[in-house]
2 protein chains.
Amino acid sequence: MATNGSPSSRATTLSDVARLAGVSIATASKALNGRTQVKAETRARVLDAAERLSFSPNALARGLLAGRTGTVGLITSDLDGRFSIPILMGAEDAFGSGRVSVFLCDARGDAIREQHHVRALLSRRVDGLIVVGARPDPRPPLEPGVPVPVVYAYAPSQDPKDVSLVSDNVGGGRIAIEHLIACGRRRIAHITGDPTYGAAQDRSVGVLDALGRAGLELAGGTVLYGTWSEAWGRGATRLLLQQGTDVDAIFAGSDQIARGVVDALHEAGRRVPEDVAVIGFDNWEVLAANARPPLTSVDINLEHLGRVAAQRLVAAIDGHAASGTEVLPCRLVTRSSTAPIG
Amino acid sequence: MATNGSPSSRATTLSDVARLAGVSIATASKALNGRTQVKAETRARVLDAAERLSFSPNALARGLLAGRTGTVGLITSDLDGRFSIPILMGAEDAFGSGRVSVFLCDARGDAIREQHHVRALLSRRVDGLIVVGARPDPRPPLEPGVPVPVVYAYAPSQDPKDVSLVSDNVGGGRIAIEHLIACGRRRIAHITGDPTYGAAQDRSVGVLDALGRAGLELAGGTVLYGTWSEAWGRGATRLLLQQGTDVDAIFAGSDQIARGVVDALHEAGRRVPEDVAVIGFDNWEVLAANARPPLTSVDINLEHLGRVAAQRLVAAIDGHAASGTEVLPCRLVTRSSTAPIG
DNA sequence: ATACGTTGTGAAAACCTTTTCGGCACGAAG
DNA sequence: CTTCGTGCCGAAAAGGTTTTCACAACGTAT
């Protein structure tokens, strides 16, 4: 009660407006929606009445009639993870304060819960769905027979005919190495995370490709897979140094790993970037920018990905259906942890 | 098109079910909703038909009739900030996969955009609103006259009659200090962030209160206010040490600051926790758990806050209206950065 | 004066579900 | 045979909006 501005019974309806303006609801509707066939003076009277009653049309009734609700569902699988959020922001942004509102659902990586949410959303007659995976590997598509367009973001659908949007991890690995080479580095190691992540594999592919083009080998001989943690970054770096591997640059598979790498380098008395340059991945602001020195990092443009996902979805809703997986480029953000050798 | 299971024209409706079951739509409705006055055998036939057509009732039509939509709006002011997200998760959780769906809106701290979103949500006839502030200071209430219950979370409304949920920052400061004292520490400093944050002030109050009870003074004589950054944690710690302040514990106003503190302590050759114990604030997993040593930290239970917000909102929607600001307790998460002095 | 086009307005249908209430059929009681 | 009750079912209204189509009024051309 405390928050109810007016204890009045119900929201004002179009007929209230029509009555106040002295016209029929049909005319009122046309006046408010900018339809022709309404005398200017009548329209003004209606608009004034609507203003006075602070009328706002009932979207339910409108959606019921139009067969379109102007709502979409966004199903994420790890809200706590930091990947869903920028995507969500991008999508929210692209839909705009415009005509589309977003239902947010967190499935927590549980297929049952996901299905449940899909059902609920369809029951609310959403016009489309965006599915954001928990990790970038391909995931099973939603149950077949969903009667609205679906766009998969971050994690592509296993069905190649579905519309999916993913980051170019191969390219991300490549630009990191190209930057290091451009800095004059030649003995480059790659410490990354869980090898069961396709993204880790893809980045390695990009790394090896870029090195190969430059006629270089990977320092240490092999990609160092581990976990996506600072501890692993430290451990792998120590290992590398203990083995006496000659290294003047390390590309880390995540910013967390990079923090560990920098830490271990300092511990061993190596200067960053003078002795060893370091690149992270993800461009997680709070980690990358606050490191000592601030970390150069590969940004996978998640917000952009979310925006594109939203655009593809509205296109599909409007009948301009696309199909297949679209790969979006990464972007290098340079900070102080890389610099020309000298 | 690719994602459309059936290119069929429209979703199946109750009359489709009724026709297939050979009954009227009234009977079909009653059968599906567990109403009495339906013969068991008839009910079975209807349920079977609904199953076969994979019927799901149109929530719009239902909401139109019932005057309740089973939706709520969640307006956040900083999605990128890490405070909205746990609250959002808690709320999503409390509403459950149950009957309530959540519209998510990001106002980006812009009052105009916020108002716009409120209007849009009201037009969609949400049953209630949760407003999550960007920072924990009191904020202006929504425009008056909102015809549904509103709950403010994290940032309370400036109107004390509104329903608000906030963390107990005073208590958070207090339990941090009490823990340090229990560890045998006596020379405790407090390095925190932006003094224009009420939360920073409140924690300081808790700190001074706990110290006072124990008959202690703040090491360094005064609370060190600065910014919520690692750099400030480092800088303030260096300052403290340069001044020759005798210190055996530092309570940091955030985990980021705490990371800087630990960093500077190491740099100065002090051991953590043997020489100096450190406590962070926020319990931001990725920072606190990955620090060396892992940081003891005060957790403000944001997810719980979100859950309670959701509960208060449904209570208000169901007519059990409360009023006023509710303060929820913090919780200390101990890790290795604090230990009994020895 | 009649015929015709123009312009503005309103009645009514449609969207889909829930609920109320009247009615039908059937067995039992009078 | 009539009356009553009981158990099931269906017709219809309600909820708020948009759109179509008919109709009224009025001015213009014949």
- With T = 4 °C, eta = 1.567 mPa s and Kirkwood Rh from C-alpha pairs, the Stokes-Einstein D of the stretch A:233-342 in µm²/s is about 84
- Message: Neighbour counts of other C-beta atoms within 10 Å: give me A:T192, B:T71 arranged from fewest to most.
- Response: B:T71, A:T192
- For B:Y154, A:Y197, what's the fewest-to-most ordering of other Cβ within 10 Å of each Cβ? A:Y197, B:Y154
- Averaged over residues of B:287-299, the number of beta carbons from other chains lying within 10 Å of each residue's Cβ is 2
- Helical contribution to [θ] at 222 nm, DSSP H n ≥ 4, -39,500 (n - 2.57), averaged over the protein assembly as shown, rounded to 500: -12500 deg cm²/dmol
- Task: With a 10 Å radius around each residue's Cβ, average the other Cβ atoms per peptide and rank B:315-328, B:261-274, B:205-218, A:126-139, highest first.
- Result: A:126-139, B:261-274, B:205-218, B:315-328
- Signed unit charges on C-beta, dipole axis of the protein assembly as shown, positive-most listed residue B:L53, A:A310, B:G324: B:L53
- Message: Tell me the Rg and the Dmax, in Å, that the Cα atoms of the stretch A:20-156 produce.
- Response: 20.0, 61
- Scoring chain B by relative contact order with C-alpha pairs under 8 Å, at least six apart, yields a percentage of 17
- Based on alpha-carbon positions alone, could you give the equivalent ellipsoid semi-axes of the stretch A:14-57 from the gyration tensor, as √(5λ), descending, whole Å? 14, 10, 9
- 10 Å Cβ neighbours from other chains, averaged over peptide A:31-42: 0
- Query: Taking springs between alpha-carbon atoms closer than 10 angstrom, which of B:Q242, B:Q158, B:Q115 fluctuates most in the Gaussian network model of chain B?
  - Reply: B:Q242
- Query: With θ set to phi - 60° and the Karplus curve 6.51 cos²θ - 1.76 cosθ + 1.60, what are the ³J(HN,Hα) couplings of the stretch B:156-169 in order, to the nearest whole Hz, using x for Gly and Pro?
  - Reply: x, 6, 5, 7, x, 7, 5, 8, 10, 10, 9, 8, 8, 5
- Amide H within-cut-off set for A:G128, under 5 Å, with H built and near neighbours excluded: A:G73
- Kirkwood Rh, the protein assembly as shown, all Cα pairs: how many Å? 28.0
- Query: By how many nm would the segment from A:S54 to A:D275 lengthen if fully extended, with 0.36 nm per residue of separation less the alpha-carbon distance?
  - Reply: 72.9 nm
- Here P(r) for the stretch B:128-204, Cα-Cα distances in 10 Å bins, as whole percents, is 17, 39, 23, 15, 5, 1
- Quotient of C-alpha Rg and 2.2 N^0.38 Å, computed over the stretch A:169-299: 0.91
- Task: With a bin width of 20 angstrom, please list the P(r) values of chain B as percents of all Cα-Cα pairs, from the 0 bin to the one holding the largest distance.
- Result: 27, 40, 23, 10, 0
- Note on the structure: Note, the stretch A:41-52: 3J(HN,Hα) by Karplus (6.51, -1.76, 1.60, θ = phi - 60°), whole Hz, Gly/Pro = x, goes 5, 4, 4, 4, 4, 5, 4, 4, 4, 4, 4, 4
- For the stretch B:193-255, what class follows from the C-alpha gyration tensor (a ≥ b ≥ c being the square roots of its eigenvalues): rounded when a/c is under 1.5, otherwise prolate if a/b is larger than b/c, else oblate? oblate
- Item | D_trans [Stokes-Einstein, Kirkwood Rh over alpha-carbon pairs] for the stretch B:114-160, 37 °C, 0.692 mPa s, µm² s⁻¹ | 297
- Task: Rounded to whole Hz and in sequence order, give me ³J(HN,Hα) for the stretch A:185-191 from the Karplus expression 6.51 cos²θ - 1.76 cosθ + 1.60, θ = phi - 60°, writing x for Gly and Pro.
- Result: 7, 10, 10, 10, 10, 10, 10
- Order of A:D275, B:D93 from fewest to most other C-beta atoms within 10 Å? A:D275, B:D93
- Query: Magnitude of the Cβ-charge dipole of chain B, K/R +1 and D/E -1, about the Cα centre, nearest 20 debye?
  - Reply: 1300
- Task: Ignore the peptide's own chain and count Cβ atoms of other chains within 10 Å of each Cβ in B:55-63; give me the average, rounded.
- Result: 6
- Item | Placed amide H near B:A153: partners under 5 Å, 5+ positions off or other chain | B:V131, B:V132, B:G133, B:L165
- When the Cα centres of the stretch A:244-269 and the stretch B:154-212 are compared, how far apart do they sit, in Å? 37
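Each reported figure results from applying straightforward, stated rules to the coordinates on display, with no laboratory input. The structure displayed is predicted, hence computed values, not measured ones. All Cβ positions, even for glycine, are placed from backbone atoms using ideal geometry, and neighbour counts span all protein chains on display.
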